[in-house]
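Rule-based calculations on the coordinates, nothing more; no lab input. Model, not experiment: these values are computed from the prediction. Virtual Cβ from ideal backbone geometry, glycine too; neighbours counted across all protein chains shown.
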Amino acid sequence: MVGLSLGEQHFVKGGIAQDLRTDGRKRLTYRPIYVETGVIPQANGSARVKIGGTDVIASVKAEIGRPSSLQPDKGKVAVFIDCSPTAEPTFGGRGGEELSSELALALQRCLLGGKRGAGAGINLSSLLIKEGKVCWDLYIDGLVISSDGNLLDALGAAIKAALTNTAIPKVNVSAEVADDEQPEIDISDEEYLQFDTSSVPVIVTLTKVGTHYIVDATAEEESQMSSAVSISVNRAGHICGLTKRGGSGLDPSVILDMISVAKHVTENLMSKLDSEISAAEASEDES
């Protein structure tokens, strides 16, 4: 937690009220974004994202699994987050575990939509190999290296970049087998399929400080927030998920306004992220 004096609190809040934040940004402006892909060779896909002083890594590992009986026509995705104590002293022990669980749950909601898959940014059907028999299980791991606010947006961007970097081996399934038998599969060592990220959203967190809300809040600004709403929006402008934190309630009309602002901010963020990912992928190919 960031401890601010009364004067510093007034300075942070006053700057936001006048649309001139302590680092010179306007209320709806992000800090510089840096993306690096292929940072973990053993993973199917990986990426590192830095937003200001916040630094995170995401990796994707694909393993052969069996579809659940409730969704026999879909693969599975699990999200795990680790908040390193070196990133922030309060991440040590129980505090880090609680935050890790909170972030993982929020990312799961933002990326996979509702319980029935409504609004999902990741198409689970694309992970199916043989209905009811074989599928891909994607394990998405995020690591917080350095924390200076806006962790959820940074992790969401890193996951999107890692999925763009993900290559899944082509699988051939043996001929039909009995219902109670598992088919034989042949996993290619040479042919890979690029993961489709066209519907994977970006996450925009609007943090309410005083009577205004801002994007990409720093740790200092987050210490002064009353509430925050994180909205995941895909390329088509559709809402994939929404999650709120903070004790202060929000009027429905305010939330609707926040959604409208998030959609507007997403256009610039998506364009910037696409550009950074493309540059990172090109740099990886050259090296």
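Using the beta-carbon distance between GLN108 and ALA17 and R0 = 25 Å, what value does 1/(1 + (r/R0)^6) give for FRET efficiency, to the nearest 0.05?
Details: r = 35 Å, r/R0 = 1.39.
It comes out at approximately 0.10.
Can you give the FRET efficiency to the nearest 0.05 for LEU6 and ARG245, using r as the Cβ-Cβ distance and R₀ = 25 Å? Working shown, then result.
Working: r = 25 Å, r/R0 = 0.99.
Here the calculated transfer efficiency is 0.50.
From zero outward in steps of 10 Å, how is the percent of C-alpha pairs of segment 180-287 spread across the bins?
Histogram of Cα-Cα distances, whole percents per bin: 12, 33, 24, 16, 11, 5, 0.
Quick one: 3J(HN,Hα) in Hz for segment 204-209, Karplus 6.51/-1.76/1.60 with θ = phi - 60°, rounded, Gly and Pro as x.
10, 9, 9, 9, 8, 10
Determine, from the Cβ-Cβ distance of ILE187 and GLU131 and an R0 of 22 Å, the FRET efficiency 1/(1 + (r/R0)^6), rounded to the nearest 0.05. Spell out each step's value before the answer.
Working: r = 18 Å, r/R0 = 0.84.
Given R0 = 22 Å and the Cβ-Cβ separation, E is 0.75.
For the ranges 229-239, 45-55, 181-191, 21-31, what's the packing order if you count other beta-carbon atoms within 10 Å of each residue, average per peptide, and put the highest first? Walk me through the numbers on the way to the answer.
Details: 229-239: 19.2, 45-55: 22.5, 181-191: 10.8, 21-31: 15.7.
Result, highest mean first: 45-55, 229-239, 21-31, 181-191.
Measure nothing fancy, just the Cα-based angle from helix 94-112's long axis to the longest principal axis of the chain, in degrees from 0 to 90, nearest 10.
Value to nearest ten degrees: 60.
Distance between the C-alpha centers of segment 236-287 and segment 187-228? Whole Å please.
Here the answer is 6 Å between Cα centres.
What number results when the radius of gyration of the chain, computed over Cα atoms, is divided by 2.2 N^0.38 Å?
Details: Rg = 20.2 Å, N = 287, 2.2 N^0.38 = 18.9 Å.
In units of the 2.2 N^0.38 Å rule of thumb, it is 1.07.
Using the alpha-carbon atoms, what tilt in degrees (0 to 90, nearest 10) does helix 252-286 show relative to the longest principal axis of the chain?
On a 0 to 90 degree scale, this one is about 60.
Using modelled backbone amide H atoms (1.01 Å from N, in-plane), which distant-in-sequence or interchain residues come within less than 5 Å of VAL77's amide H?
It is LEU138, by chain and number.
For GLY241, what residues show an amide H to amide H distance below 5 Å, using hydrogens built from the backbone and excluding near sequence neighbours?
SER232
If amide H atoms are built 1.01 Å from N in the plane of the peptide, which residues on other chains or at least 5 residues away come under 5 Å of the amide H of ASP55?
Excluding prolines and chain starts, which carry no amide H, the hits are ILE145, SER146, SER147, ASP148.
How do 57-66, 3-12 rank on mean C-beta neighbours within 10 Å, highest first? Write down the numbers at each step before the final one.
On the way: 57-66: 19.1, 3-12: 12.0.
Ranking, from highest mean packing down: 57-66, 3-12.
List residues of segment 191-218, by number, whose backbone nitrogen lies under 14 Å from a label position 7 Å along Cα→C-beta of ASP257.
Backbone N within reach: 207-214.
Across segment 152-163, in residue order, what do the Karplus-derived ³J(HN,Hα) couplings come to in whole Hz, using 6.51 cos²θ - 1.76 cosθ + 1.60 with θ = phi - 60° and x for Gly and Pro?
Using θ = phi - 60°, the values come out as 5, 5, 5, 5, x, 5, 5, 5, 4, 5, 5, 5 Hz.
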